[in-house]
Structure formats: structure tokens, C-alpha cells
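Okay, structure first, notes after.
None of the figures in this text is laboratory data; all of them are computed from the coordinates on show. These figures come from a predicted structure and were not determined experimentally. In this analysis, Cβ positions are derived from the backbone assuming ideal geometry, glycine residues included, and neighbour counts consider all displayed protein chains.
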Amino acid sequence: MDISQVARQSGLPASTLRYYEDKGLIRSLGRHGLRRVFGPQILDQLALISLGRAAGFSLDEIRQMFTPKGQPQIDRQQLRNKADELDRQIRRLTAMRDGLVHAAACPAQDHLACPKFQRLLNLASAKGKRAKPA
């Protein structure tokens with residue numbers, strides 16, 4: 001398939017395909033004139049890249065999930081670690097959502113006087129402190 005066919009079938013712009021190739025995530029088989037040509041496995045590779053991105057993996061982490069020939073080679077421990085990270089994120093987001101729902105209905109005159117809103121502020125503050133570079 002040439003790059004325009006891959007772009008059409010994958011829903012990704014050709015510029016993204018060229019970027020992925022530059023980053024070493026995919027490889028073209030060569031060129032037909034000026035157009036890159038890809039093998040039939042390219043759509044599966046792009047689906048795996050998309051899944052990895054949706055799960056929060058960086059492009060560098062995803063690149064390591066493929067052999068030099070483009071075959072999947074996924075580290076199961078890396079998947080477990082990412083699942084654990086997502087669980088922690090879900091817990092934080094759930095606490096944040098619950099705090100916002102409470103704050104929206106809180107009978108306190110001033111949100112700062114509400115203990116649940118204070119916990120929400122502390123949660124947001126703690127997250128901000130962790131995000132700062134060391």
C-alpha cells in the first residue's frame with residue numbers, strides 16, 4: 001500500500017505516518033515514485049501504536065515494543081506497570097470528581113470553610129507538587 005492508502009485506511013494523516021517513520025515506529029518497504037510503500041502489517045502496527053498512545057505510553061516506549069522488523073515484542077511487566085499507573089490515576093480522578101460534585105452542592109457559605117473542599121484543594125496541591133521537576 002502506498003502512503004495515501006495507509007492514511008485513508010488508518011485515518012492518520014500522511015504527515016503522522018512520515019513522523020512515525022522518522023521516529024522509528026514504522027518502516028516503509030521503499031518507494032513507488034515519490035510515494036512511500038508499506039507492507040500489509042502496517043495497519044496492525046498503527047493500531048498497536050494507537051492503543052499504546054491511548055494507554056499513555058510515550059512514542060519512545062511504544063517503539064521499544066516492536067522488533068526492528070516491526071513485529072510486536074511487548075514487555076508484560078511494562079504493561080502491568082502502566083495498568084498500575086492508570087489505577088492510581090483513576091483513583092485520583094474519582095476523588096477529584098467526587099469533590100467537585102460535593103462542592104457544587106455544598107451548603108457551606110464559603111467553599112474554603114468546607115472540609116471536603118479543603119481535601120480537594122489538598123489533593124490538587126499534592127498532585128502539583130509531584131509534577132514539579134526535581
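Annotations
- Quick note on region 87-131: its Rg to Rh ratio, both from C-alpha atoms and Rh being the Kirkwood radius, is 1.01.
- Point-charge dipole on Cβ atoms (K/R +1, D/E -1) for the chain, about Cα centre, debye to 20: 180
- Fewest-first ranking of HIS102, HIS32, using other Cβ atoms within 10 Å as the exposure measure: HIS32, HIS102
- Residues with amide H under 5 Å from that of ARG36, placed H, sequence gap 5 or more: ILE3
- Trypsin sites (Lys or Arg not before Pro) lying in DSSP loop within region 11-110, provided at most 14 other Cβ fall within 10 Å: LYS23, LYS69
- Diffusion constant of the chain at 37 °C, which comes from Stokes-Einstein with the Kirkwood Cα-pair radius and 0.692 mPa s, µm²/s: 180
- Proximal aspartates and glutamates to LYS23, defined as alpha-carbon separation beneath 17 angstrom and excluding residues fewer than eight positions away on the same chain: ASP60, GLU61
- Inter-probe distance in nm under a simple model that places probes 7 Å from Cα toward Cβ, at SER15 and ASP60: 2.4
- The chain, helix-only ellipticity at 222 nm - DSSP H runs n ≥ 4, -39,500 (n - 2.57), divided by all residues, nearest 500: -20000 deg cm²/dmol
- Taken as entire DSSP H runs, the helices of the chain that both span 18 Å or more between Cα atoms along their own long axis and average -1.0 or more on the Kyte-Doolittle scale are 42-55, 76-105, 115-131.
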